[in-house]
Structure formats: C-alpha cells, structure tokens
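The values are calculated or read from the model by the stated rules, or taken from the named source; none is laboratory data. Here the structure is a predicted model, which means the values were calculated and not measured. Positions of Cβ are generated from backbone atoms using ideal geometry, with glycine treated the same way; all protein chains shown enter the neighbour counts.
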Amino acid sequence: MAKTVIVTGVTRGIGKQIALSLADEGYFVIGFYKNSEKNAKELEKNSNIKTYKCDITDSKQVEKIAEEILKNNNIYAIINNAGVAKTSLFCDVSEQDFDNIMNTNVKGAFLVTKAFLPNMISKKAGRIVNISSIWGVCGGSCEVVYSASKSAVIGMSKALSRELGPSNITVNCIAPGVIETDMISNLSVEDKKALANDTSLQRIGTPKDISGVVSFLLSENADFITGQVITVDGGLI
C-alpha cells in the first residue's frame with residue numbers, strides 16, 4: 001500500500017514539484033493549497049495526488065480536513081512547504097505584513113503538524129520535512145520578517161526532532177537558496193544573473209533540486225538523519 005504524504009503549498013513552485021516527484025515514486029500525496037484551484041485540478045490528473053483547499057493559518061479548517069483525511073489514511077510524512085515572502089525595507093513592513101508572513105510560514109507549519117502528528121506517533125514511524133530558507137540561516141537584507149519566520153521553522157524543527165526521536169519520527173529542515181519560482185519572478189535577467197554568479201555552481205536552483213532532497217529524507221537511506229538543516233543553495237559565496 002502506498003505511503004501517504006501531506007504537502008502544503010502544493011500548486012506552485014517547490015511544492016508542486018515535490019508533489020509530482022513523490023507521486024512518481026509511488027507515494028500517495030495529499031496536497032493543501034489556498035488559491036490556484038485550476039492548478040490543483042491539473043495536479044489531480046495524477047492518480048497519486050489528491051488536493052484540498054485549506055487556509056493553513058485557520059485551525060478549524062486544518063482540523064476539519066485532517067479529520068476527513070485520517071478516516072482513510074495513515075500519514076507517513078508531512079512536508080511543510082507553504083510560505084509567503086515580502087521584500088521591503090524593515091521600516092516599511094506593516095503589522096499586517098508581519099502577521100501574514102508569520103502566520104503562513106510558522107503558524108501554518110505548527111497547525112498542520114499538530115493535526116497529523118498523533119497519527120504518526122501512534123504508528124511509531126514517520127518523517128517531517130520543513131522547508132525553511134537560506135535566509136533563515138544567515139538572514140537576508142530587506143527580508144527581515146521572512147528571515148525571522150524561516151529561522152523559527154529551523155528552531156521548531158530542531159526542537160521537535162528531539163521530542164519525536166523516541167517515536168521513531170525524524171524531523172529535518174531544508175534551506176533552499178535562490179530557486180527559480182514565482183518568488184523571484186519579478187527579478188530582472190540581470191538580477192538573476194548576479195544571484196547565479198554568487199553561487200559556486202554559477203546557477204539558480206530549480207524546484208527539482210529541492211524535491212530530490214525531500215525524496216532522500218523520506219527514504220530508508222535517511223533513517224538515521226534527524227534535527228538537521230540541509231542547505232541546498234549551489235554553494236553561496
């Protein structure tokens with residue numbers, strides 16, 4: 001029987017690629033999305049993918065959908081990928097911006113994990129992979145709140161890995177560098193070239209660079225890896 005994996009932020013960029021890659025590997029992927037219903041329906045053409053529209057910052061929505069999912073599925077892994085960012089000078093960040101970023105990037109991961117974790121603990125097995133960011137490791141100028149939220153994801157991952165170790169559940173974090181997604185779609189060709197030149201590999205990453213690491217962390221080859229932050233950034237200088 002296929003192992004069931006929860007993936008948030010499933011309709012675009014990294015989340016979409018994670019869902020497609022895991023489905024191709026034989027996992028049954030249950031994806032959460034907030035908008036982009038058209039993209040969700042497109043994903044569901046893959047028989048190994050089912051999607052739910054859900055605001056992951058709303059505990060009642062998350063709990064209701066989790067209850068429905070758990071009637072017929074045991075959860076093997078949770079991939080907390082959904083995230084939002086805002087590039088702005090610190091003094092220009094509004095309280096609403098702060099709340100939106102923190103709620104999506106941190107509270108969302110908390111609520112989704114909390115909803116499915118008891119099922120995983122009862123089975124004494126599972127994987128949690130949280131998608132952070134290189135800016136959560138070293139901080140990014142004009143992305144202070146985003147950096148803070150992704151640092152919080154790292155702290156949550158490290159602490160939870162210690163708590164869940166006795167239940168044979170691993171918790172790890174992936175910190176992508178600059179990845180070719182909608183988040184950088186507003187950048188000019190020159191800006192992207194400059195970012196690529198800042199890496200040892202002289203290129204911007206792709207969603208597949210991240211999905212490959214997720215696949216590894218869900219595999220038996222990663223049984224003894226937990227509490228780690230894996231940077232996938234092409235060797236930022």
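Descriptive notes on the structure:
Conditions (1) among the aliphatic types (A, V, I, L, M); (2) out of contact with any Lys or Arg (no Cβ under 6 Å at 6 or more places or on another chain); (3) surrounded by fewer than 23 Cβ atoms within 10 Å (Cβ to Cβ); (4) without any contact (Cβ under 8 Å) to a residue 12 or more places away in the chain, marked per residue:
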{"position": "ASN80", "(1), (2), (3), (4)": "no, yes, no, no"}
{"position": "THR87", "(1), (2), (3), (4)": "no, yes, yes, no"}
{"position": "VAL93", "(1), (2), (3), (4)": "yes, yes, yes, no"}
{"position": "GLN96", "(1), (2), (3), (4)": "no, yes, yes, yes"}
{"position": "ASP99", "(1), (2), (3), (4)": "no, yes, yes, yes"}
{"position": "ALA109", "(1), (2), (3), (4)": "yes, yes, no, no"}
{"position": "THR113", "(1), (2), (3), (4)": "no, yes, yes, no"}
{"position": "LYS124", "(1), (2), (3), (4)": "no, yes, yes, no"}
{"position": "ASN130", "(1), (2), (3), (4)": "no, yes, no, no"}
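- Comparison of ASP233, ASP198 shows that the only residue that is charged (D, E, K, R), farther than 22 Å from TYR76 by Cβ and buried (at least 20 other Cβ atoms within 10 Å of the Cβ) is ASP233.
- Across the stretch 136-169, the number of residues qualifying as under 30 Å from GLU95 (Cα atoms) and either touching a residue at least 40 places away in the same chain (Cβ under 8 Å) or in a helix (DSSP H, G or I) (or both) comes to 22.
- Apart from one condition, GLU143 fits all of (1) in contact with a helix residue (DSSP H, G or I) (Cβ under 7 Å, 6 or more places away or on another chain); (2) more than 16 Å from GLY83 (Cα to Cα); the exception is (2).
For (1) in contact with a Ser or Thr (Cβ under 8 Å, 6 or more places away or on another chain); (2) part of a helix (DSSP H, G or I), each residue gets a yes or a no:
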| position | (1), (2) |
| --- | --- |
| CYS173 | yes, no |
| LEU201 | no, no |
| LYS208 | yes, yes |
| VAL213 | no, yes |
| ILE225 | yes, no |
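- Condition met for VAL7 (assigned to a helix (DSSP H, G or I), in contact with a Gly (Cβ under 9 Å, 6 or more places away or on another chain), in contact (Cβ under 8 Å) with a residue 40 or more places away in the chain and within 25 Å of LYS123 (Cα to Cα)): no
Every residue, every condition in (1) modelled with pLDDT of 95 or more; (2) within 12 Å of the chain's Cα centre (by Cα); (3) surrounded by fewer than 18 Cβ atoms within 10 Å (Cβ to Cβ), yes or no:
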site: THR4; (1), (2), (3): yes, no, no
site: THR8; (1), (2), (3): yes, yes, no
site: ILE14; (1), (2), (3): yes, yes, no
site: ILE18; (1), (2), (3): yes, yes, no
site: LEU22; (1), (2), (3): yes, no, no
site: TYR27; (1), (2), (3): yes, no, no
site: GLY31; (1), (2), (3): yes, yes, no
site: ASN35; (1), (2), (3): no, no, yes
site: GLU42; (1), (2), (3): yes, no, yes
